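J.: Quick one: structure below, then a few questions.
The values are calculated or read from the model by the stated rules, or taken from the named source; none is laboratory data. It should be emphasised that the depicted structure is a prediction, and the values quoted were computed from it without experimental measurement. Heads up, the Cβs are rebuilt from the backbone with ideal geometry, glycines too, and the neighbour counts pull from every protein chain shown. Only protein heavy atoms, including side chains, enter the accessible area calculation; ligands, DNA and RNA are left aside. Shrake-Rupley method; radii C 1.70, N 1.55, O 1.52, S 1.80 Å.
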Amino acid sequence: MSVIQKPDPVPAPSANGPVPFLDLKAQQARIGPEMRRRIDTVLAHCQFVMGPEVAELEAELARRAGAAHCIAVSSGTDALLIAMMAEDIGPGDAVFLPAFTYTATAEVPLLLRATPVFVDIDPRTFQMDLADLERRIAAVRQAGKLRPRAVVGVDLFGQPADWDGLAKIAETHGLLTIDDCAQAFGASLHGNPLGSQADCTAISFFPSKSLGGYGDGGALFTQSDERAALYRSLRTHGEGKQRYDVQRIGINGRLDTLQAAVVLAKLTVFDAELARREAIARTYDQRLGNLLTVPARVADSTSAWAVYSVLLPDSATRTAVQEACKAEGVSTAVYYPKPLHHQPAYAEHHEGGALPVSEDIATRIMALPIHPDLTDAQLDHVCNTITRALAQAISA
Ligand SMILES: *Cc1c(COP(=O)(O)O)cnc(C)c1O
């Protein structure tokens, strides 16, 4: 046996360990007692459907969102579905929405046999490009086949869409505004929380969203008493004032009581989590901002930072950086690798030609971990790993 200690040829595993994209176990360590108390309360009263936690959650969310009404539902997708069913959106209707978003935004109008009209995005903020929206509304009007009915603004990655501009365009053209706020609960615009910028706002409690549950769930906000009553009816099979009085075609779109209890427990740490996400975003800006393109901020807003996405110069560099991250235990993700008008299920419904910004960005966007339990050491490890990977990619 040699007495001389040779350097280990394999680099020691990072002291920072793997950096997960989302760390719900670490979050449980913070909220465990409150979570168990909330769940035990439901187990004791056994009102698993529409129990008291549902109304409690609705009141608390309405207060936080500055909305007159909150209606808790079974998912963010069902929130969008109920919102569009309430307006009788259907065959012959054009629903304008960004091509660069999660599939649910486009799926819902198609489920109702309406036509999604895909709109391009701004290359810096990734939000809907309103000049392109106006061009596409004009094109639909000129073609004369579809009736422009609604525009779905998506608060992509947690930053607000341009609600001032969207409201103006919607008013000019008589369009309903729907805020797909699935990624952005907790964000604000001009000092006001998201929740009352559009005719209705849909949020999601999918576990990876800013306010995630332990399963599926979502909610709708509206300022309108009539819409709120319709949403409540549609959520429960179209029921009227009495239980077995069926006024319209609805769905089973209720939020489970247990899920409401989970989200109530999460709300006790929600503000602190938003602050931590914001601090992480600022660190990424500072440490990576002159190496790659960090997300531009929407003016006079705060973000819920469900996702922090950067742009690499090209697809090959993205692949190289993602591989280097993987080797160092750093999780990354791509939202979204394909714009919706290129998805096999949607391509046949798209007549609008190229959407060059969405198509380009899909090839070189990459999301970094931004969950609130990311430690400073992990954050440092992510920044160092990306800095090294980029230096290597550039010299290669
Ligand atoms: C997650 C998401 C949805 C759907 O929410 P679910 O609760 O998963 O049904 C809709 N739109 C966007 C933009 C989303 O990110």
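J.: Using only the Cα atoms of the chain, what semi-axes does the equivalent ellipsoid have when each is the square root of 5 times a gyration tensor eigenvalue? Give whole Å, largest first.
T.: In descending order, the three semi-axes are 38, 29, 17 Å.
J.: Same structure again: Which angle between 0 and 90 degrees, to the nearest 10, do you get for helix 225-235 versus the longest principal axis of the chain when only C-alpha atoms count?
T.: 70
J.: Counting only DSSP beta bridges with both residues in the stretch 29-267, what percent are antiparallel, rounded to the nearest 5?
T.: About 50 percent, rounded to the nearest 5.
J.: To the nearest 0.05, how large is the calculated FRET efficiency for residue 342 and residue 315 if R₀ is 22 Å and r is the Cβ-Cβ distance?
T.: That gives a FRET efficiency of 0.90.
J.: Still on this structure, I have one more. List residues of the stretch 125-149, by number, whose backbone nitrogen lies under 17 Å from a label position 7 Å along Cα→C-beta of residue 224.
T.: 148-149
J.: Only helical DSSP H runs with n ≥ 4 go in: add -39500 (n - 2.57) per run for the chain, normalise by residue count and round the 222 nm mean residue ellipticity to 500 deg cm²/dmol.
T.: -13500 deg cm²/dmol
J.: Hey, another quick one. Round to a whole number: what % of the accessible area of the stretch 270-395 belongs to carbon and sulfur, probe 1.4 Å?
T.: Carbon plus sulfur share of accessible area: 53 percent.
J.: Apply 1/(1 + (r/R0)^6) to the Cβ-Cβ distance of residue 24 and residue 88, taking R0 = 41 Å, and write down the FRET efficiency to the nearest 0.05.
T.: 0.60
J.: I would also like to ask the following. Per residue, how much accessible area does the stretch 41-150 show when a 1.4 Å probe rolls over the protein heavy atoms, in square angstrom?
T.: 39
J.: Oh, and also: Per residue, what accessible area does the stretch 193-237 have, given a 1.4 Å probe and all protein chains present, in Å²?
T.: Dividing the accessible area of the stretch 193-237 by its residue count gives 31 Å².
J.: Now for a different question. What angle do you read, to the nearest 10 degrees and between 0 and 90, between the alpha-carbon axis of helix 376-395 and the longest principal axis of the chain?
T.: It is inclined by approximately 70 degrees.
J.: Heavy atoms only, probe 1.4 Å: what % of the accessible area of the stretch 185-246 goes to carbon and sulfur, would you let me know?
T.: Taking all protein chains in place, the stretch 185-246 shows 49 percent carbon and sulfur surface.
J.: Right, something else. Students often check this: by mean Cβ neighbours within 10 Å, which of 95-102, 46-53 ranks highest, and how do the rest follow?
T.: 95-102, 46-53
J.: Nearest 5 percent is fine: what portion of the DSSP beta bridges confined to the stretch 151-294 is antiparallel?
T.: Around 55 percent antiparallel, to the nearest 5.
J.: May I pose another question? Could you work out what % of the accessible surface of the stretch 33-106 is carbon and sulfur, using a 1.4 angstrom probe and leaving DNA, RNA and ligands out of the count?
T.: 57
J.: Enter the Cα centre distance for the pair the stretch 174-245 and the stretch 249-307, rounded to the nearest angstrom.
T.: So the separation of the two Cα centres works out to 17 Å.
J.: Across the stretch 270-395, what fraction of all alpha-carbon pairs, as a whole percent, falls in each successive 5 Å bin from zero upward?
T.: 2, 10, 19, 21, 18, 13, 9, 6, 2, 0
J.: Taking the Cα-to-Cβ direction at residue 168 and at residue 208 and moving 7 Å from each Cα, how far apart do the two end points lie in nm?
T.: Those two pseudo-labels are separated by 3.5 nm.
J.: For the stretch 270-395, with every protein chain kept in place, what is the accessible area per residue (1.4 Å probe, Å²)?
T.: Value for the stretch 270-395: 44 Å² per residue.
J.: Between 0 and 90 degrees, rounded to the nearest ten: what's the tilt of helix 52-65 against the longest Cα principal axis of the chain?
T.: Between helix and principal axis, roughly 80 degrees.
J.: I've got another one for you. With r defined as the distance between the Cβ atoms of residue 36 and residue 279 and R0 fixed at 25 Å, what FRET efficiency is calculated, to the nearest 0.05?
T.: 0.30
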